[in-house]
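The values are calculated or read from the model by the stated rules, or taken from the named source; none is laboratory data. Everything quoted here is computed from the prediction, not taken from an experiment. Side chains are part of the model used for accessible areas, which takes the heavy atoms of the whole protein and leaves out ligands, DNA and RNA. Shrake-Rupley method; radii C 1.70, N 1.55, O 1.52, S 1.80 Å.
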Amino acid sequence: MAISLNGRSTASLFSRLPTRFFAPLASVSRERYWTVLVELLDRRFGPDAPMPPVQGYPVRVIQDDIAAMLEGMDYWDEDAESEDARPINDRARSVLNRLVDCGWLRHEQIGLVFTISMPRDALEFFTLLLDFASNRTLFAGGKVKTIRLALDNVMAEPKGDLLHEAASMTRSLLEYIRNICADVRDLSRDLQSQDSTAAYAQLFFTDLVVGKFIGDYGVLRTHDHPLAERAAIVRIAEELASRRDLYDRLLPWYVEHEGKGEVARGERALQRDLTRLMDMAHVDDYLDRLDTELNAAIRRANTYLAYAVRVHQHNEAVIDAALTRLLAGGGAPAPFGEGSLMGPGRLAEPRRQTAPRAPNKIRTTTMRPEERARLNLNRAAQARRSMTDLAFATLVRQKLGDAVSIDDTAFNGPDIRETLALQRLQRLASLAHSDSLAFRLQARSQARGFALICIDNRESEHALQSGARFRIEQPKRGKSNV
């Protein structure tokens, strides 16, 4: 029974599903019931299974399938100690009876034969649950292409069913993109346990953003991506709403199918679908919010990296590795030492309050030459890994010199300062390419004495580290540096 709220009734889920429909999935053995249902869908009732008989499968067939599944499972019911001792056929019959009682399966008698089938509502709802559990990657380009083709067909021959399907796909696409931001925030907190910055970035972008959320995220902003046609989709929706001849040809379908014969309800349904199509104009707001979350994750990763290369406790290991390599006759060492740059074991320990030692009578000590040399090397290494805004701008201008322009390949030397400068330039190039005015202003404020132009915001390989491609030019008077 649907409950009325302020005179308006809401859609009732249990008018289509039995009351105890969710009982197996709420029991102690919910994971095993879910596995049984998924296997039955794959073998007997799903779209990939063979065509089921019209009357359904014999009870013995479904019971044998369940028994074969139970044989491969471990202990079935945690709150019944004698459950595992029962014969496998008795356990399979109990599972089948519970699925029938809860409405997942239908038990019928056709003549002298008892059959099992899956009701249409249960099959449709379970397919939705399986899609949700699978968490398949969305490719926004394919969705937008389908919506645009459907609207082109509506303009050529106005049909309400095509318009309704296009509006439903538009709503699903926008809700998916809008809800990603909350998922990104939750997942970014879970990634704090990664041992290295490289693992953090790899898991965040490749495995989560591209592999789990939007498969074509890296090319969403390009001109040849189908999402660039969102303005055309909005224009077609506005034309359908303004042209009376097209509107009148679409309205009868909505009155018949959505309004159940009532003209007012049909018009409201038609206006609702047109509004959903016009909401494609807000997709930039959702993408800007997603870019903000991703840029925040990038800043956190860069903070980890900057801390790892500057903390003085690691300099001793870097100096030892460099001296060992030079004494062994090897080439110049790489800017970074071996192993991960960041990890829980390399973080600085909390400061401990210790009582000062009483001074000795003679406090003068003489440092050995090796100790003095190590101290000087430690100070020099720490100084080389500290780059202020002024030092950054000076290094970039020195690289540029009198040349008209240079690109990112100019920063490939063994000096750690070039690596730090390349990292900052790649981040500024990504900010300069953003649609957000705040990010562009931030990039402009740090590009002093040179003009920074982003060539390609996609991740590209580099001799030192992958990132955005950029070009540096001589500054022009009266124009922005970015």
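Could you state how much accessible area Arg106 has, in square angstrom rounded to the nearest 10, with a 1.4 Å probe and all protein chains kept in place?
Probe radius 1.4 Å; accessible area of Arg106 about 90 Å².
Taking the full set of protein chains and a 1.4 angstrom probe, give the accessible area of Thr324 in square angstrom, rounded to the nearest 10.
Its heavy atoms expose roughly 90 Å² to the probe.
So for the stretch 237-286, Kirkwood radius off the Cα pairs, Stokes-Einstein at 10 °C and 1.306 mPa s: how many µm² s⁻¹?
For the chosen part, D equals 140 µm²/s.
In whole percent, and with a 1.4 Å probe on the protein chains, what portion of the accessible area of the stretch 373-482 is carbon and sulfur?
With neighbouring chains kept in place, the figure for the stretch 373-482 is 48 percent.
Over the stretch 366-473, with the other protein chains present, what is the accessible area per residue in square angstrom, probe 1.4 angstrom?
For the stretch 366-473, the solvent-accessible area averages 54 Å² per residue.
Excluding ligands and nucleic acids, what accessible area in Å² is computed for Val28 using a 1.4 Å probe, to the nearest 10?
70
Amide H of Arg106 versus every other amide H placed in the peptide plane: which residues, excluding those fewer than 5 positions away on the same chain, fall under 5 Å?
Ser117, Met118
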